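J.: The structure's right below; bear with me while I get my questions together.
What follows is calculated from the coordinates using simple rules that are stated; it is not laboratory data. The shown structure was predicted, so the numbers you read here are calculated from the model rather than taken from an experiment. Positions of Cβ are generated from backbone atoms using ideal geometry, with glycine treated the same way; all protein chains shown enter the neighbour counts.
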C-alpha cells in the first residue's frame, strides 16, 4: 500500500482521534451499554461514556457492534 | 415475549441466572430468548440452524462473563452487547475460513512512503514528511501491518491470524502506531488544529 493522499488523510484522522489512554476492545464491550442508554435518553455523556464513543470512532469492529446494539435498544 | 426478558429487573436476572431449580431454568430460557434477538439482528442473513448455533455460543459467552457486568446499564443492554460481539466474532471466523486469505509475510512490509506528496498546502507537505519518517523509522513491522490493515479495511479475522494475536493485542498495535504518529507530529511542532486545517478534518 502506498501513502497516497487519501491514505494520508485517513492517517491524519487516526492521529487526531488518538488519546494516550484508550479503552481496549474487551473493556469497551462491558461499558458500551451505559453509553447507548445515555445517548438514547439524550443525556450528556460522562467521561466513561465519552471514552466509549471515542473508542468506537477509531475501531471499525466495535463501531459495527455499536450500530447493532443501538438498533436493539431502540427497538425495546 | 419481548416483555418477558426485557422487563425482568437486573437484580432478578443476576439472582435467577445463578439460581438452581425452576427460577434458574426460567431465567435461562429468558436469556436464550433475549440473546436470540441480538443474534438475529447481528446475523440476519444466516440460516436458522446457524443462527441457533450462534445463539448457543452467545448465551454461553454471557453466562461466563456475568462477573464483568457492573450494573451501569440494564442487564438486557449489557447482554445484548456481549451477544452481538459473540455473534460477530463467530461470523468473522466462518467468513474467513470459507474464503478469506491470510496476509503474506511480505504484506507487512508494503506500507511504504511512495508517490508524490500532496503539495496543495505547504503544511500538508510537512505533515506528510513527518508521517513518512515515523512510519519508516519508528513503527515496528507489526505496527505497520496493523495500521495498514485498518487503512485497507482488511477483515479483522485475517489480521488476527496473520499476526497470531487476539483482538485486544491488535487494537493495541494499532493504537501504539497511531500514538507514535501523533507524538511525531507533536515533536515536529505540528498542532491538532494544523492537522485539521491541512486535511479539512
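J.: Once the convex hull of the C-alpha atoms of the protein assembly as shown is built, how many Å³ does it hold per residue, rounded to a whole number?
T.: Dividing the Cα hull volume of the protein assembly as shown by its residue count gives 142 Å³.
J.: Using label points projected 7 Å from each Cα along Cα→Cβ, tell me how many nm separate residue B:164 and residue B:50, to one decimal.
T.: Between residue B:164 and residue B:50, the simple spin-label model gives 3.0 nm.
J.: Next up: Return one number: the angle in degrees, 0 to 90 and rounded to the nearest 10, between the long axis of the Cα atoms of helix A:25-40 and the longest principal axis of the Cα atoms of chain A.
T.: Tilt of helix A:25-40: around 60 degrees.
J.: Roughly how tilted is helix A:5-17, in degrees to the nearest 10 and between 0 and 90, from the longest Cα axis of chain A?
T.: 50 degrees
J.: Quick check: the distance between the Cα centres of the stretch B:1-73 and the stretch B:165-201, to the nearest angstrom?
T.: 39 Å
J.: Which whole-percent values make up P(r) of chain A when all C-alpha to C-alpha distances are grouped in 10 Å steps starting at zero?
T.: It works out to 17, 44, 27, 11, 1, in whole percents.
J.: Can you order the peptides B:32-39, B:82-89 by their average number of other Cβ atoms within 10 Å per residue, highest first?
T.: B:82-89, B:32-39
J.: What does a probe at residue B:23 reach in the stretch B:57-77, counting residues whose amide N is under 14 Å from the point 7 Å along Cα→Cβ?
T.: none
J.: Taking the Cα atoms of the stretch B:1-73 alone, what are Rg (to one decimal) and Dmax (as a whole number) in Å?
T.: Both quantities, over Cα of the stretch B:1-73: 12.6, 36 Å.
J.: Please work out the FRET efficiency for the pair residue A:43 and residue B:129, using the Cβ-Cβ distance as r and a Förster radius of 45 Å; give the result to the nearest 0.05.
T.: 0.55
J.: How far is helix A:47-58 tilted, in degrees, relative to the longest principal axis of the Cα atoms in chain A, given as a value from 0 to 90 rounded to the nearest 10?
T.: That helix lies at roughly 40 degrees to the long axis.
J.: Sum -39500 (n - 2.57) across every DSSP H segment of at least 4 residues in the protein assembly as shown, then divide by the residue count to get the 222 nm mean residue ellipticity, nearest 500.
T.: Result for the protein assembly as shown, helices only: -23000 deg cm²/dmol.
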